[in-house]
Amino acid sequence: MTKKKEPKIIVAIDSNTREEVDVQIQQLDPTLCHLKIGNILFTRYGPPFIEELIQKNYRIFLDLKFHDIPKVAASACRAAALLGVWMVDVHILGGRIMLETVMDTLKNTIGGGKTRPIVVGVTALTSLDASDFKTLGIHSNITSLVARMAILAKESGLDGVVCSAKEAAFLRKQQGKDFLLVTPGIRLSHEEKQDQKRTMTPRAAIKAGSDYLVIGRSIMQLPNPREILQNITYAIFTDLTNS
């Protein structure tokens, strides 16, 4: 029997009402994708919503971008882990002590048969470009900034980083194959960039070195999201097999 491949796609769920969310979930398939739940839906519906999705066999990337004093950030990540989420993210700008405290807490305090979630660090939001960083007084180019953040993340024990596909190729060379690259800002080839500036198509992102692709509106605004997922998945694994 052929082992079923783990999905490479993380679908970002983002709707105004719970009814719309439920419709979106019904259009997807946990064998084809994981789900990303962000601040808006988590604030509205809370932990019971996450538990409900897990019961439907979805792996959940809880995208809350934790960034606080070390103890608070670590406690928040532990609470997420106890929910049973698959992945969480933290801002690398929280610093080495925060990152190490998060990882130490997750490794040493998760019990009850639960495994710790994957922890990835947020480098530079894909909504930002060089001019935005200059406004903040950061004059390094984005590539250099992301590279330094990725090094800090790995040294602090994180499993990987969230980065744009534009940075994936050099991060893969820099960090090696065992460091996860989670890439938002993925667009299907016919789309405009919308509100994210450093974007790429799914196949190009995988070829660049990304491990997981976060895709939202590109899939959910089309008539048959499940079929789109199947097509993207087939293309991705065909490319990986032939590479």
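The values are calculated or read from the model by the stated rules, or taken from the named source; none is laboratory data. Computed from a prediction, not measured in an experiment: that's the story for all the values here. Reconstructed Cβ throughout: ideal geometry from the backbone, glycine too, with neighbour counts over all protein chains shown.
Being at pLDDT 95 or above and more than 15 Å from MET220 (Cβ to Cβ) is true for just one of LEU64, LEU32, LEU41. Which residue is that?
Step by step, each of LEU64, LEU32, LEU41 is checked, and only LEU64 is at pLDDT 95 or above and more than 15 Å from MET220 (Cβ to Cβ).
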Practice problem: Could you check how many residues of segment 155-165 are touching a helix residue (DSSP H, G or I) at 6+ places or on another chain (Cβ under 8 Å), surrounded by 18 or more Cβ atoms within 10 Å (Cβ to Cβ) and outside any loop (DSSP other than H, G, I, E, B)? | Solution: 3
Quiz item: Taking the condition surrounded by 21 or more Cβ atoms within 10 Å (Cβ to Cβ) and part of a strand (DSSP E or B), does LEU62 pass?
Solution: yes
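Would you confirm whether any residue within segment 180-196 is modelled with pLDDT under 85, out of contact with any strand residue (DSSP E or B) (no Cβ under 6 Å at 6 or more places or on another chain) and at positive phi? Walk me through how you get there before you give the answer.
The initial filter retains those residues of segment 180-196 that are modelled with pLDDT under 85, namely 185, 187-196.
Next, only the ones that are out of contact with any strand residue (DSSP E or B) (no Cβ under 6 Å at 6 or more places or on another chain) stay: 185, 187-196.
If we keep only those that are at positive phi too, we end up with 185, 194.
Yes, segment 180-196 has at least one match.
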Quiz prompt | Cβ pairs under 9 Å, 6+ apart, first in segment 215-229 and under 16 Å from GLU20 (Cα atoms) and touching a residue at least 12 places away in the same chain (Cβ under 8 Å), second among the hydroxyl-bearing types (Ser, Thr, Tyr) and not in a helix (DSSP H, G or I) | solution = MET220/SER15
Self-check item: In segment 91-110, the residues that are under 23 Å from GLY46 (Cβ atoms) and out of contact with any Lys or Arg (no Cβ under 7 Å at 6 or more places or on another chain)
Solution: VAL102
Exercise. Mind listing just one residue for me: the one in segment 5-57 that is part of a helix (DSSP H, G or I) and hydroxyl-bearing (Ser, Thr, Tyr) and, of those, surrounded by the most Cβ atoms within 10 Å (Cβ to Cβ)?
Key: TYR45
Self-check item: Residues satisfying the stated conditions in segment 173-191, i.e. touching a helix residue (DSSP H, G or I) at 6+ places or on another chain (Cβ under 7 Å), buried (at least 21 other Cβ atoms within 10 Å of the Cβ) and under 24 Å from ASP104 (Cβ atoms)
Solution: LEU181
Quiz item: Inside segment 231-243, can you point out the residues that are loosely packed, with under 14 Cβ neighbours inside 10 Å and part of a helix (DSSP H, G or I)?
Solution: ASN231, TYR234, PHE237, THR238, LEU240, THR241, ASN242
Quiz item: Somewhere in segment 213-236, is a residue modelled with pLDDT of 90 or more and closer than 28 Å to ARG96 by Cα?
Solution: yes
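Among the candidates PHE133, PHE170, single out the residue that is more than 19 Å from the chain's Cα centre (by Cα), outside any loop (DSSP other than H, G, I, E, B) and surrounded by 14 or more Cβ atoms within 10 Å (Cβ to Cβ).
Only one candidate qualifies: PHE133.
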Quiz item: Quick check: is even one residue across segment 64-83 closer than 21 Å to ALA165 by Cβ, of a type in the set (D, E, K, R) and touching a residue at least 60 places away in the same chain (Cβ under 8 Å)?
Solution: no
Practice problem: Could you tell me which numbered condition GLY113 fails, if it satisfies all but one of (1) at pLDDT 95 or above; (2) surrounded by fewer than 17 Cβ atoms within 10 Å (Cβ to Cβ)? | Solution: (1)
